[in-house]
Structure formats: C-alpha cells, structure tokens
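Accompanying notes for the structure given below.
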Amino acid sequence: MPAKKKKPAPKKAAKPVGRKPKPASRKPKPAPKGRAAPLPPVTRFSSSTAAPPATTFQEVILRLQRFWANKGCLIVQPTRTEVGAGTLNKHTFLRVLGPEPWNVAYVEPSSRPTDGRYGENPNRLQHYYQFQVILKPSPKDIQEQYLDSLRELGIDPVAFDVRFVEDDWEHPALGAAGLGWEVWAQGMEVTQFTYFQQCGGLDLPRVSVELTYGLERLAMYLQNVENVYDLVWAELPSGQKISYGDVHKQDELEWSHYNFKQADTAALLAQFGQFEAEAKRLLAVEEPGPLVLPAYEHTLKCSHWFNVLQARGVVSQTERAAYIARIRDLARGCAETYLASRASRGFPMLSGTERALFVEGPHA
Amino acid sequence: MPELLFEIGCEELPAGFIDPALAFLERAVDDALTAARLPHGRVLADGTPRRLVVMVDDVAARQSDLEEELQGPPTSVAWSVGADGSRTLTPAGEAFLKKNDLRASDLYETPGKKGTVIAAKRRETGRPAAEVLGALLEGVLPKIPCKKTMSWGDGRATHKQVFARPVQWLLALFGGRALSVRFADVVSGDTTRGHRYHAPAEVRVTSVSQYRAALEQGQVVLDRAERKQLIRELAGKLAKEAGGELLPDEPLLDIVKNLVEKPFPVLGHFEERFLEMPKELLVSEMREHQKYFAVVDGTGTLRPAFVVVAGSESPQKAALAAGNARVLRARFEDGAFYFRTDRESTLASRGPRLKQMVFQRELGTLADKTERLQALSTHLGMRMGLAQATLVGVFRTAALCKCDLVTGVVNEFPELQGVMGRTYARHDGEPAAVAAGIEEHYAPRHAGAALPTGVEGAIVGIADRLDTIVGIIGIGKAPTGSADPFALRRAAIGCAQIMIGHGFRVSLEDAVTFAVSAYRTQKKLEKVDPVALIKQTVEFLRGRVRGVLVERAAAQGLAGAEDIVDAAMAARGGVNDLPDVDARVTALAKLRAEQGASFVSLAATFKRVGNILAQARQKGLAPTELDPSRLVDDAERALYDALAGVEARGMPEGVDLTELRARGAADLARLRPSVDRFFDKVLVMADDPALRDARLGLLARLEEQLVEVADFTKVQLEA
C-alpha cells in the first residue's frame, strides 16, 4: 500500500529553523576552492518519489554533490593527508568548533590499514570512500533532507526499509562524541548520522549534524552486486564500463602488503615521534602565533602512522592506549588553538544576529 | 469529565530509552496532577520510537479549592508582651506574616507539637485546569530520565534544554482544546503525524479516541504490548513457513518492538552451509547487529532462516528479504572466516598471547591472571579433597579458561566468551569436563542465571571472581555507594551462590589469604598490607554472603530472616563453611516459622545464657572446667544430662552434614525446657564459689553447643 499522500509541506521548506542559506555577501574571506559558480539545477523529485537508481559509482557521488550543493553546502575536496574518516578532515574537525556556521560536503578517501584483505574479500577494503556532509547548526528538518538525498540516489525509503537505529558515536583519539543513528537500508548500515556534541574535548556551542555515507555500500545496493570490485565506476560515452576493481584492485593488493608486511616499522615509529614533536612545536610558535593548520596536519600524520603500526602488529594492547592518549592530546591542543585563533579574528563568518547571540550575548 | 492528551513527537528514540521513559511519565504525570489538586482518572502512557504519549481520563475541570493551616513559631516567640500587657509582634512573628503574605488580623493560636504556636488559614480558590496543565506538563517533560542527553541546532545558546533525541512536535490537548506547552525549540499544537513514510501529513486532533483512530489509520500501533504481540504472531507465522518456530528471545522482542512504529515482519533465508558454525555464533550474528529473529525446529536446532521486522510496508518484499539476507551472508562469511582461522591453532597454544591483554594495569595481564587462577583453583580443589584426576581437570580448565579472549570470534562477539572456549576446546580434543568448565566458569552470567553444573567450572569460577575481588580491592578500588565499576558485588554474590549450591566447604578467609599470596608471588600488591587486605576482602565478602543467605531463605518462603542470618554467621564456624551456615539459617528460620512465640522464648532463654556468661567474664569469673559432682540441684542435674545427650550425638559416618545441622537446631530446641527450669530453680551466682563455678561451667558447656549453631544474642525477640 504505497499510499503516499504527503503534502509538499511548504511550511517546513520555507522555514528551516536556525539555518539560513548562505547569501553571497557572507562569503568567507579566502574563498575555498570548491566554491564554484552556482551549479546547474538538478532534477527535483517530490519527496515521495525516488529517482531512477544511480547506476555508477561516480553517479552516486555526482548526485550527492549536487543535492547538497543545492541545499546550500560548499562542495570542497578531500584533505591531502591520509585520514581514517572524513571526520578528521579539517573541514569537519576544526570547523565544527566555535559559533561560526558551516555547511559543507565532500568525498573523503579513507584509510583503514587493518581492514585490507589483499583485494580478496568482496566487502573489505583498506581504502574506501566516504561522502561527508556537515550542517552547522543542525537544521530542524535534517532527517527529511537526508531521506530526500537517498531518494535522489534512487533509494525509496519504504522499499528499502530505511530506518534510524540508535548508534552513539565516539572517537576517543579525537575527543569527539555525538548522538545519532546508523541508518539502515535493507538491514545494511549505509550512513552514520550524528549530532556532534563534543569535539577535540571541547563542548560545542552550536551542534553540527554529520552525515557519513558509505559510498561503496550504497553503490553495491543500487547496482545489486555482491563484490565491491564488480561495481561499475563509470560508463564511458563509448559504452565501455570501468569497474571499481579496474580503479582500485591493484591498490588493495599492494597496500595490504605494505600495511601488513612491508612498512618499515622502525622508520614509522621514529616518524611518529617527529610528527608529534613538530605538531607541538607549531602549536607553540610565538611569532606570528601558533600555526594550527600545519600542526593539525602533522597530528593527522601521527594518527595515520599509528594505524599502520597497528596493522603491522607492533603496537601492544598497553602501548595502544598510550599512543591514543598522545594523539588525543595533540588533537585537543589543535582544537583549543584553532578556536582561540578564530576568536582572535572575531569569528569572521558570523552574521550580525549570530554575533549578538554567541559573542556579545550572554552565551559568549 | 475532560481528558488530557499529551504527545511528544521525536526523531527516532533509542529503543532502550522508551520503556523507562514511559514508566516515568505515567507516574510523574499522575503525581503532578495529584499535587496540583486535580482529581483524575487513569493515567496511561504508551509510545513508539517517534512518540511518547500520556493519556489521562476524567481530569477535573478545576483544581480543588485549598484550605490549609499554616503554623508559625511558638506564641512566646512570635509575640512580645509589654509591661502594660499589650502585645506586639516580634521580628520572628513579622517574618511569618511576610513570608506567607498574611495580616496580623489573620493570626490565631493553636496547639503545635511543642506548645502553642501562631497560625493562620490559607485559602486558595482552585483555578481552571486548562490554566495550570500547560505548566504542569512543562515541568514533567525535562525530568524524563535519559541515559545520554543531546542538544540540537542552537539549543545550547537559546533554550538550553536537552533530550534523548531532538523533539519535533508537541501535541497537548485538554477537553478537546489545545494547551500551550513549550519545550526546547517547540511549541505545542493540536496536530499529530502518522507513520514517517506511510502517513507523514499533519492531522488535527480533537479527542483521545479520534487521536487513536488517526494513528491507526496512519499506520502506527501505539500500544507497545500490541506491537510485541503482532511481532510474535506474524513472525511466528513466517517461522512456521520456514518449517520451524521462533527461537524464544524476549529481550530481543522488547528491543524490536521499540524499533518500529508498526511491525512488518519479512522472512529471509541463508545457506545451509553456515549451519556448520556453532548455533550461539549464528544467533549472535543475527540478533546483536541485525536484530533478526532466529528460527529453530522442534529440537532447538537452527533452521537456515531468519525473520527481520521491517518498519514499513515494502512493496518489494522479496527484494527486501534478499537485501537483508545479503547483509547476513556477509556477516556469516566474516564469522566463518574467524571460526575457521581460530581453529587453525589450539586454545592451549594461545596462552602466550594473553600476555598482550591487560587485565588491569596494576594487576598485570590475563597471562598473569591465568597463572594465579591455576594456583588458586588447585588450592581450592585440594582443600575440598578432590581426587587427583579431577584436580588435573580443574588445573587444565584454569589454564585454558581465558584463551578464547584472543580468538577472532570472541573479538567480534565478546558475549560469546566461554561458549567459543568450550567449542574450541572440544575441537582440540580437550576432555569434555574441561571444555564445559571453560564455558561454565562465567556462570552465573547474570542475577538468577544457572550455576555451573560441573566442579571444574565451579572452582575456576570461584577462583576467577576471588582473584578479581582481591586485586581490585587491593588497588583501592573497592565499590563505594552505587559505584561498582568492576562489578565486585556481583562477583562476590556469584562466589557465595556457587559455594552453597555446590556444597563447597571452603573457608573464605583461607581462600582469600591464598588469593592474596598468589598476587604477592607475582610481586604484585606488594605495597599493600596483606593482613589488612585479607581482612577488608573477607569483610566485603561477608556483606554479600549475608545478602545471598537472606535471599535464599526468602526464596523458601522464610522472609525477614536477616537477624537469623546474622546469628548463624556469628556462630563459631563463622563463614568457613557456607553450605553449613545456609543449612543452619534454614533450620532456625523454619523453627521460627513453625513455632512462633515459643521460638522467641527459646531465643530469649539462650540469649540469657550468653548474657550471664558475658557478665561473669567481665568480672573475671572465667568458668573453669565443669565438675559435675558439684552440681546439687535437680534442675541443674537434669540440664547436665540433657546436654550430655546432645553432646554425645557425635558425627555419625555417612550422614549428610547439612541434615545434621538441621537436626542440631532441633536438638537445641529440645534443650530449652531443661534450661528454663534451670533458670527457674537455680541461682547461678551462688555464694559458694565452688557451686557458682560449677554452674558457670555448666552454662559454658551449653554455650559451646549453642555457638556451633548461632549467636542467639543476635536474634530479634520482638516478633
């Protein structure tokens, strides 16, 4: 009984509580590169109808980018340093701090060295893609927006039994935590949906919502394939199909060897220490003041090398906690320093009313 | 009379939050109405993952009028009397007026608890219910208990209110009219919404019955019990289609009923080849991550099928079943991979890897713990006089019991610890008793769960718990108040239950002493005074033992046996033989239940024995060896004979000790008439020192027998 008599709900669309579409006048000073000319309009589907399924991997990415661009998100690019998840990208980790609004979407190539299976396991990869969306502050109708994004991909929430199942998220090394759900489609977790409460050990004055789509999983459902390497990445105008395996299978084999057997552990251990020292030094630069963005990138290096060391099996259970504590201290230092640096610049992205509420008002 | 309807519409709430929240709402709204002087009918709370609802029948349209007496300070404090006899209010009296907004003319005098006080009547005319209900609900809502709370949007800067998940709408209706209730960024209205996908439009609500109809039409089953029953029936029907029935799983039903607003169960299948894996592993894969119900045949064997309870009515059931089956297959493949690779090496060969797992930072690794368990288990087994062959099994169980913690399957599913140990031990060709012991050393796994069936699991289970208790207390982390992060109380209760249930006659003090020495052998807890640690641990254990004994008596219909438990635990044996203490508690509590008043006088009599001896000892009159020839009175000779009879009953071979203890209590009861007569006829503290000593000696002999059973001074004499 697909009795869908949902009215367009004009009220909701017209009144997104607490979040305004970014007007051009409030552009950040150094305009991020990803902020291009307005994108061409995308086909809009009424919220009860799903689009035809996205049949290629890249089509999934393109549709999500357009969808969220039309919702007022900046489309930015992945970080250049290895990360375990899109959350570690500075566009999330640092931007969720403090009162400045921030709406952004990007693909994040994510590295999980221990998950490598030499290209043999149909579901496990040491390198995979997340689609990350941050909306700060979280809009009142975010669940509906999210469901619309699934419809845009061709996923009808009823047919796929899309459900929001409690899953509170925590990343100890980042001092980050939030409440939310894993979103199920046909029993498969396709998205992590989190209302950020804390980051870098700091309470957040404005709550961001983070949506992390598992792109391979979504694509496997949409293409109905059982093996990730069989995914169609693209269908060229010539009709030729390029598979996920064509793009990444050699990566998986070589990187699995590297992560599990070849990585020079002595060198990595030494580098961990060097990166840590460098991050600390950068946070303490006196003139012209702390260099938090370079410091954060060195923190990410530490985090990644730690993951590789774990895959190499050279981190014992006891040492593990100590390494995590070292990374957490760096992350916390970066978070505090970043927040202070934005404050010293007067939180340039705040609007007048926001400034009154967060900086000059009683909640400053 | 009008009805009250309140609905809190939310983004999907955690399943475990819903039931406690509704229980709270039902009680809190009831209490708040009463406190607000609003007589009302039944309060009913129910809900789904997207709504918490309270409905109240027959709420009075107005508050009852209030008339109450306010009492102030004593008259002598409130008024000062001048030389001319005129009275003026003191500052204390003025303060009373001011606080209650009264005038001096309102005051009168009335007898208070401690003499006459000043007083006044306060009258308040009841206001219309519609005027107070909004604020009443606003007061209740933020108090709903949430394990974790969250903010959303700019809530931290604006309203500052938090909840388990964002609140989307509020519906508050009284007598068909909307009330005004504010919470967080929401203002209440008179509309609700149906199912998220099937009926998302807002619907105006005018009454409870129309609300219920709207939800039903909107594909929402508000009643939790009904959702549960629907799942049971519909999923059961599907299981039958798959040639079986649902594996009974009440906790899973309780979770799943709160994952959907209306259940739409779908049957899925998996490949038979997966059935080679242990049932527990497959069930864990299905229930923990996926919340699927397992299907079993009449003998409890798994069928290659599962039931998933969807939250909406998919037009593509087959695709939905296939999609869910695919997720399950990937999980099973993963499980199968671990199960296969786990069995490539034996449990025993995993021992060294326990060195990588920290038990507790100051107490070493699981390898250290294993070493201690081997020593302590063997010690306990020897104390119990186990046969050599059994001791070997106990030792082996202790050596292997933690090894499954470093397997792939247990790493994925920690709740399978023990189960996988047993499975792998059998695969390795370990003896069945050892394999069973590995699984059972975790028993009882929760309150009320079964005890270990075999001696191997029982002894290693006790050793494991004692080792943890001693270690954690040793590092200064004994439980305080409600904080018991290492679940030491649970562990101590488990120990006591196993010892009693298995009839283990082991001295707690001896066991604890050995456990402490096992740490010290490893050069751990060296900075702690071992004597103090032993004392603190035994004290801690005694506290839990007491609880277990009281509970066991209550379970036999002998409630309120706390004093008898104290008396039995203070007997000579102390807590050196828990099955024995337990038997004496039961025997005495039964005696009290059967004999009532006469048991009270029995206890009083024996109490008197203890008191007289205590007084004598205080005066330095320690009773010497009894010389029966000194006894002169008939009454004392009769007591002597009766006592000799009890003493001579001895310890016949082959008689169950427990039964003997019970008989001991009955024997003592039989001594009572002789003791009573003795006290009637004889003055213990006779003038003749020789006679006095003989009588004290006789009482001391009697006490010897009594303290074997209980310290009667601890028995409550008032019924």
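Among DSSP beta bridges lying fully in the range A:39-158, give the percent that are antiparallel, nearest 5. Intermediate results must be reported in sequence, preceding the final value.
Values: 10 of 12 bridges.
If I count the DSSP bridges inside the range A:39-158, around 85 percent turn out antiparallel.
Treating only the Cα positions of the range A:37-252 as identical point scatterers, give the base-10 log of I(q)/I(0) from the Debye formula at each q in 0.11, 0.15 Å⁻¹.
Debye intensities relative to I(0), on a log10 scale: -0.53, -1.01.
If you bin the C-alpha pair distances of the range A:170-301 every 10 Å from 0, what whole percents do you get?
Taking every Cα pair in the range A:170-301, the percentages come to 10, 20, 26, 29, 12, 2.
Of the peptides A:52-58, A:187-193, A:345-351, how do they stack up when ordered by the mean number of other Cβ atoms within 10 Å, highest first? It would help to have the intermediate numbers written out before the result.
Values: A:52-58: 17.0, A:187-193: 22.6, A:345-351: 14.4.
Result, highest mean first: A:187-193, A:52-58, A:345-351.
Under a straight-distance cross-link criterion of Cα-Cα below 14 Å, which aspartates and glutamates are reachable from B:Lys523, leaving out those fewer than 8 residues away in the same chain?
B:Glu362, B:Asp368, B:Glu371
What are the aspartates and glutamates whose alpha-carbon lies under 16 Å from the alpha-carbon of A:Lys241, with same-chain residues fewer than 8 places away excluded?
Qualifying aspartates and glutamates at Cα under 16 Å: A:Glu59, A:Asp230.
Of B:Lys99/B:Lys143; B:Lys369/B:Lys477; B:Lys477/B:Lys527; A:Lys136/B:Lys160; A:Lys71/B:Lys262, which pairs sit farther than 20 Å apart, going by alpha carbon to alpha carbon? Intermediate values should be presented prior to the final figure.
Working: B:Lys99/B:Lys143 29 Å; B:Lys369/B:Lys477 18 Å; B:Lys477/B:Lys527 15 Å; A:Lys136/B:Lys160 17 Å; A:Lys71/B:Lys262 32 Å.
B:Lys99/B:Lys143; A:Lys71/B:Lys262, as the Cα separations exceed 20 Å there.
To the nearest Å, what is the center-to-center distance of the range A:150-171 and the range A:306-353, using C-alpha atoms only?
30
In Å, what Kirkwood hydrodynamic radius results for the range B:1-59 from the alpha-carbon pair distances? Please list the in-between numbers first.
On the way: mean 1/r = 0.0850 Å⁻¹.
So the Kirkwood estimate lands at 11.8 Å.
What's the whole-number percent of alpha carbon pairs in the range A:263-344 lying beyond 15 angstrom?
Numbers: 1833 of 3321 pairs.
Value for the range A:263-344: 55 percent of Cα pairs lie more than 15 Å apart.
In whole Å, what is the distance between the alpha-carbon centres of the range A:178-192 and the range B:305-367?
Cα centres, the range A:178-192 to the range B:305-367: 19 Å.
Under a point-charge model restricted to the Cβ atoms of Lys and Arg (+1) and Asp and Glu (-1), what is the dipole moment magnitude of the protein assembly as shown relative to its Cα centre, in debye to the nearest 20?
Details: 139 positive and 136 negative charges, 681 e Å.
Roughly 3280 debye, rounded to the nearest 20.
When every alpha-carbon pair in the range B:122-223 is counted, what percent end up more than 19 Å apart?
On the way: 2826 of 5151 pairs.
Summing the P(r) tail past 19 Å for the range B:122-223 gives 55 percent.
If the viscosity is 1.567 mPa s and the temperature 4 °C, what Stokes-Einstein diffusion coefficient in µm²/s follows for the range B:66-124 when Rh is the Kirkwood radius over Cα pairs?
Details: Rh = 11.7 Å.
D = 111 µm²/s.
B:Ala571's amide H: which non-local residues (gap 5+, or another chain) put their own amide H closer than 5 Å, with H modeled 1.01 Å from N in plane and none for Pro or chain starts?
Amide H neighbours of B:Ala571: B:Asp711.
What does the average come to when, for each residue of peptide A:203-210, you count the partner chain Cβ atoms lying within 10 Å of its Cβ?
Counting other chains' Cβ atoms within 10 Å and averaging over A:203-210 gives 3.
Rg and Dmax of the range B:421-513, using alpha carbons, in Å: what are they?
14.2, 46
I'd like the distance separating the alpha-carbon centroids of the range A:113-141 and the range B:1-63, in whole Å.
If we compute the Cα centre of each part, the gap is 42 Å.
What are the principal axis extents of the Cα atoms in chain B, in Å, biggest first?
106, 101, 50
Using only DSSP helix segments of four residues or longer, with each worth -39500 (n - 2.57), what per-residue ellipticity at 222 nm results for chain B after dividing by its residue count and rounding to 500? All intermediate terms of the calculation are to be shown ahead of the outcome.
Details: 24 runs with 350 residues, N = 719.
It comes out at -16000 deg cm²/dmol, rounded to the nearest 500.
Rounded, prolate or oblate for the range A:190-266? Axes are the square roots of the Cα gyration tensor eigenvalues, ordered a ≥ b ≥ c, and the cut-off for rounded is a/c under 1.5.
Numbers: a/c = 3.15, a/b = 1.35, b/c = 2.32.
Verdict is oblate for the range A:190-266.
Take each of the peptides B:122-133, B:236-247, B:392-403, average the number of other beta-carbon atoms within 10 Å over its residues, and list them starting from the highest.
Details: B:122-133: 15.3, B:236-247: 17.2, B:392-403: 25.3.
Result, highest mean first: B:392-403, B:236-247, B:122-133.
In straight Cα distance, which aspartates and glutamates are under 17 Å from A:Lys261, not counting same-chain residues fewer than 8 positions off?
A:Asp115, A:Glu120, A:Asp251, A:Glu252
Would you please report the Å³ per residue occupied by the convex hull of the alpha carbon atoms in the protein assembly as shown?
On the way: hull volume 297.7 nm³, N = 1083.
Dividing the Cα hull volume of the protein assembly as shown by its residue count gives 275 Å³.
Any idea what the dipole of the range B:583-714 comes to, in debye rounded to 20, about its Cα centre with Lys/Arg Cβ at +1 and Asp/Glu Cβ at -1?
Details: 20 positive and 21 negative charges, 106 e Å.
The dipole magnitude comes to about 500 debye.
Dipole magnitude of the range B:348-555 about its Cα centre, charges +1 at Lys/Arg Cβ and -1 at Asp/Glu Cβ only, in debye to the nearest 20?
Values: 26 positive and 20 negative charges, 71 e Å.
In debye, rounded to 20, the range B:348-555 gives about 340.
What's the average, rounded to a whole number, of partner chain beta-carbon atoms within 10 Å of each residue's beta-carbon in B:195-206? Display every interim value, and only then the final one.
Numbers: counts 1, 9, 12, 7, 4, 8, 5, 3, 0, 0, 0, 0.
Average per residue, whole number: 4.
Looking at the square roots a ≥ b ≥ c of the eigenvalues of the Cα gyration tensor of the range B:348-555, which shape do they give, rounded for a/c under 1.5, prolate if a/b is larger than b/c, or oblate? If you can, show how the numbers build up before the last one.
Working: a/c = 1.42, a/b = 1.21, b/c = 1.17.
Rounded, because the longest to shortest axis ratio a/c is under 1.5.
Apply the Karplus curve 6.51 cos²θ - 1.76 cosθ + 1.60, θ = phi - 60°, to the phi angles in the range B:197-208 and return the couplings in whole Hz, x for Gly and Pro.
9, 7, 8, x, 5, 6, 10, 6, 10, 10, 7, 5
Just the number, please: percent antiparallel of the DSSP beta bridges in the protein assembly as shown, rounded to the nearest 5. Could you put the intermediate results ahead of the total?
Values: 99 of 102 bridges.
Antiparallel bridges: around 95 percent, rounded to the nearest 5.
Using only alpha carbon positions, build the gyration tensor of the range B:224-342, then give the equivalent ellipsoid semi-axes as the square roots of 5 times its eigenvalues, largest first, whole angstrom.
On the way: eigenvalues 106, 46, 36 Å².
The three semi-axes for the range B:224-342 are 23, 15, 13 Å.
Read the figures in this text as sums done on the coordinates, not as results from a lab. All of these numbers come straight from a predicted model, not from anything done at the bench. Backbone-built Cβ (ideal geometry, glycine too); neighbour counts: all protein chains shown.
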